[in-house]
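The values are calculated or read from the model by the stated rules, or taken from the named source; none is laboratory data. Note that the structure is a prediction, hence the values are computed from the model and not measured. A quick note on method: Cβ atoms are made from the backbone with ideal geometry, for glycine too, and the neighbour counts reach across all protein chains shown. The area values use the complete protein model at the heavy-atom level, side chains included, leaving out ligands, DNA and RNA. Shrake-Rupley method; radii C 1.70, N 1.55, O 1.52, S 1.80 Å.
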Amino acid sequence: MNLRNWTRALWALAVALNGAALYMVFFYAPVEMQMGAVQKIFYYHVPSAISGYVLMFLAFVFSVLYLWKDDPSYDVLAHATAEVAFLFITIVLITGPIWGRSAWGKWWVWEPRLTSALILWLMYSAYFLLRLFSRHEVRTARIAAVVAIIAFFDVPIVHMAITWWGSIVHPKKVVLEPAMRQTFFVSMAAVFALAGALTLTRWAVGRAEERRLAQEVSP
Amino acid sequence: MTAALALLQEVTFKTPDTTGYARAGYLAIGALLVGYTLFLWFKARKTDHS
């Protein structure tokens with residue numbers, strides 16, 4: 001099966017799983033007693049964060065490989081994974097404050113996890129601004145790879161922030177009742193499949209752009 | 001546009017219980033995911049045709 005067919009299969013899986021996940025979120029999972037309906041944001045907020053971290057790890061690996069092997073195909077892969085990771089971290093940073101405003105009465109609290117997640121988002125913003133406004137292809141790719149490598153070191157900090165410094169809004173451990181747990185796992189699979197489909201599509205676009213550029217340069 | 005934004009605010013943040021905030025959250029998630037998917041789709045079409 002070639003990449004196009006894999007991408008199509010993953011898109012079909014992502015659509016089916018997201019349909020099932022949304023049905024379970026709104027009609028199967030019970031409403032949480034203390035926070036009410038807003039807790040349902042959890043089912044996409046947490047999988048989005050995990051997908052973002054995994055994709056940032058991949059962007060880190062491809063950036064290291066690009067600097068090491070000097071092969072532009074790794075740069076295309078790093079760019080694709082970083083872009084989809086940025087999308088999911090943006091989802092986390094938008095849904096978090098909406099949930100927080102309802103549950104804790106505040107849109108934003110300067111606590112370790114939120115602050116480190118914002119720093120991560122800002123570092124990735126720098127990555128894309130660099131890609132967008134710099135004209136020197138090879139130098140831009142190299143600096144972008146270094147930015148992606150440095151930015152990844154913030155991921156463990158975001159994850160461990162609660163353990164290291166505590167948090168006034170994030171619990172250390174979440175206990176879910178069976179229906180909530182099942183819904184969470186289906187949502188997790190749905191977001192993972194969507195992240196995979198988006199990354200493969202973005203990679204295909206990147207490869208096509210690379211080929212077009214190569215054709216323009218060659219006589 | 002103003003009327004659409006007012007309606008959006010009415011069904012999200014002005015809803016008395018927390019349902020409105022859940023709606024706002026899922027609308028934001030949907031807008032970002034669908035928006036980015038469409039962006040990729042147009043970009044792929046543009047690349048294919050050039």
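Some values worked out for this structure:
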| quantity | calculated |
| --- | --- |
| Degrees, to the nearest 10: B:19-49 long Cα axis against longest axis of chain B | 10 |
| Quotient of C-alpha Rg and 2.2 N^0.38 Å, computed over region A:146-203 | 1.54 |
| Per-peptide average of other Cβ atoms within 10 Å, ordering A:134-141, A:186-193, B:2-9 highest first | A:186-193, A:134-141, B:2-9 |
| Chain-alone versus full-assembly comparison, region A:180-212, residues with accessible loss of at least 10 Å² (1.4 Å probe) | A:Leu194, A:Leu198, A:Thr201, A:Arg202, A:Val205, A:Ala208, A:Glu209, A:Arg212 |
| Heavy-atom accessible area per residue - region A:18-105, 1.4 Å, Å² | 40 |
| Nearest 10 degrees, 0 to 90: helix B:2-11 Cα axis against chain B principal axis | 60 |
| Nearby lysines by direct alpha-carbon distance to B:Lys46 (threshold 22 angstrom, same-chain neighbours under 8 apart not counted) | none |
| Most positive-pole-ward Cα, A:Leu114, A:Leu194, A:Ala144, against dipole of region A:40-208 from beta carbon charges | A:Leu114 |
| Loop-located trypsin sites (Lys or Arg not before Pro) in chain B whose Cβ has at most 12 other Cβ within 10 Å (DSSP) | B:Lys14 |
| Accessible area in square angstrom per residue, chain B, 1.4 angstrom probe | 67 |
| Estimated translational D of region A:36-103 in µm²/s (Stokes, Kirkwood radius over Cα pairs; 4 °C; 1.567 mPa s) | 100 |
| Where labels lie 7 Å past Cα in the beta-carbon direction, separation of A:Ala16 and B:Leu27 in nm | 3.2 |
| As computed over the protein assembly as shown, the Cα convex hull volume per residue (Å³) | 158 |
| For region A:26-58, residues shielded by at least 10 square angstrom of accessible area compared with the chain on its own, probe 1.4 Å | A:Phe26, A:Met35, A:Ala37, A:Val38, A:Lys40, A:Ile41, A:Tyr44 |
| Chain A: DSSP helices with Cα axial extent of at least 27 Å and average Kyte-Doolittle hydropathy no lower than 1.0 | A:42-69, A:112-133 |
| With every protein chain in place, the protein assembly as shown: carbon and sulfur % of accessible area (1.4 Å) | 69 |
| Between B and A, accessible area buried - total, square angstrom, nearest 100, 1.4 angstrom probe | 2200 |
| Chain A, helix-only ellipticity at 222 nm - DSSP H runs n ≥ 4, -39,500 (n - 2.57), divided by all residues, nearest 500 | -28000 deg cm²/dmol |
| Kirkwood Rh (inverse of mean 1/r, distinct Cα pairs), region A:98-219, angstrom | 18.1 |
| Share of pairwise Cα separations in chain B, more than 14 Å, in percent | 64 |
| Estimated [θ] at 222 nm from DSSP helical runs (n ≥ 4, -39500 (n - 2.57)) normalised by residues in chain B, nearest 500 | -28500 deg cm²/dmol |
| GNM top mover of A:Val76, A:Val109, A:Val64 - chain A, alpha-carbon springs below 10 Å | A:Val109 |
| Ordering of A:175-182, A:199-206 by burial proxy (mean other Cβ atoms within 10 Å per residue, highest first) | A:199-206, A:175-182 |
